[in-house]
Amino acid sequence: MGKTIYPPFLQCCAHTGEDKVMQPSGDVIAAEGDTVTLDCTFQTSDRNPYLFWYKQELNGYPKYMLKKLGSAPPYRAPDFEDDRFQTEIQDKSVPLEIQKLQLSDSAVYYCALRPTVTYLTVKTRE
């Protein structure tokens with residue numbers, strides 16, 4: 001699903017030059033109702049790394065799904081509060097498990113280390 005070639009916004013903001021996120025290349029094919037696990041490994045000097053998962057649908061932009069810090073439960077975006085999406089940090093891995101697959105789950109999935117995105121709000125002058 002995800003590739004080891006990352007969009008610029010995922011590359012720009014690593015904690016240090018030593019940080020790295022790796023995902024296997026290629027497609028994962030599964031049937032509706034199945035459970036799949038998408039792999040993601042990482043290297044970081046951060047002792048408490050935040051790991052994020054994003055979903056990018058065809059012709060869309062990456063959407064934040066969830067973040068994980070240590071043993072705390074994942075913090076989920078409102079569109080992904082469903083328990084079908086699970087992740088745990090396991091040593092230097094943060095796999096994403098998707099249960100009860102639906103056609104709408106077809107997408108490219110990216111994992112990333114924090115911080116990943118800077119939000120900018122521009123207001124008109126008064």
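The values are calculated or read from the model by the stated rules, or taken from the named source; none is laboratory data. Note that this is a predicted model, so its numbers are computed, not measured. Backbone-built Cβ (ideal geometry, glycine too); neighbour counts: all protein chains shown. Surface areas here come from the heavy atoms of the whole protein model, side chains and all, with no ligands, DNA or RNA. Shrake-Rupley method; radii C 1.70, N 1.55, O 1.52, S 1.80 Å.
Brief remarks follow.
- Residue among 87, 37 that is within 11 Å of the chain's Cα centre (by Cα), open to solvent by less than 80 Å² (accessible area, probe 1.4 Å) and among the β-branched types (Val, Ile, Thr): 87
- Filter result (closer than 22 Å to residue 99 by Cα and among the hydroxyl-bearing types (Ser, Thr, Tyr)) within the range 36-80: 37, 41, 54, 64, 71, 75
- Total residues in the range 2-33, condition at pLDDT 50 or above, surrounded by 12 or more Cβ atoms within 10 Å (Cβ to Cβ) and in a loop (DSSP other than H, G, I, E, B): 5
- Residue match in the range 95-105 (condition: surrounded by 10 or more Cβ atoms within 10 Å (Cβ to Cβ), closer than 22 Å to residue 26 by Cβ, at pLDDT 90 or above and touching a helix residue (DSSP H, G or I) at 6+ places or on another chain (Cβ under 9 Å)): yes
- Among the strands (runs of 3 or more DSSP E) confined to the range 46-115, the ones with at least 3 residues that are over 19 Å from residue 34 (Cα atoms) and touching a Pro at 6+ places or on another chain (Cβ under 7 Å) are located at 63-69.
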